[in-house]
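Structure record follows, encoded as structure tokens.
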Amino acid sequence: MGFFKDFSKYKPLKDERDEQIDSDSKNVSWAFVTTGIQILAIMCLVKGNPAWKGCIGALSIGCSVELLYKYLAYKEKPYLWVGLITLLMGIAFLIWFGISG
């Protein structure tokens, strides 16, 4: 019986490849989400539905988070300024959508 080990105690360690796969999967999923929101915003705009404002606001906030993350990584001011302007624009769109419907 000593030949067979209990492998249920062992957990595989995450290596750099696993971390890269996780990162890539999040990037791909974000690309699909933004594409879907863009299509939804265009459909709402064409049909006269005011939900396009909320879609643009959500996209703007998502893009600003991405830019602010890059600022934290690279410490380059353009990422900060464009990220903050995009964030304010997204908040403004969401407020506009919330008020006007």
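The values are calculated or read from the model by the stated rules, or taken from the named source; none is laboratory data. As the structure is a prediction and not an experimental result, all values here were calculated from the model. FYI the Cβ positions are ideal-geometry reconstructions off the backbone, even for glycines, and counts take in every protein chain you see. The protein model used for the area step is the full one, side chains on, heavy atoms only, and it has no ligands, DNA or RNA in it. Shrake-Rupley method; radii C 1.70, N 1.55, O 1.52, S 1.80 Å.
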Which of the following values of volume of the Cα convex hull per residue in Å³ was calculated from the structure shown: (i) 163; (ii) 171; (iii) 91?
(i)
Amide H contacts under 5 Å for N49, placed H, 5+ residues apart
none
Accessible surface, the chain, averaged per residue in Å² (probe 1.4 Å)
81
Which one of P78, G48, V28 is farthest out on the positive end of the charge dipole of the chain, using unit charges on Cβ (Lys, Arg +1; Asp, Glu -1) and the Cα centre as origin?
G48
Need the full-extension length gain, T34 to Y74, defined as separation in residues times 0.36 nm minus the C-alpha distance. One decimal, nm.
12.0 nm
So if I place +1 on the C-beta of Lys and Arg and -1 on the C-beta of Asp and Glu, and nothing else carries charge, what would the dipole magnitude of the chain be about its Cα centre? I want it in debye, nearest 20.
200
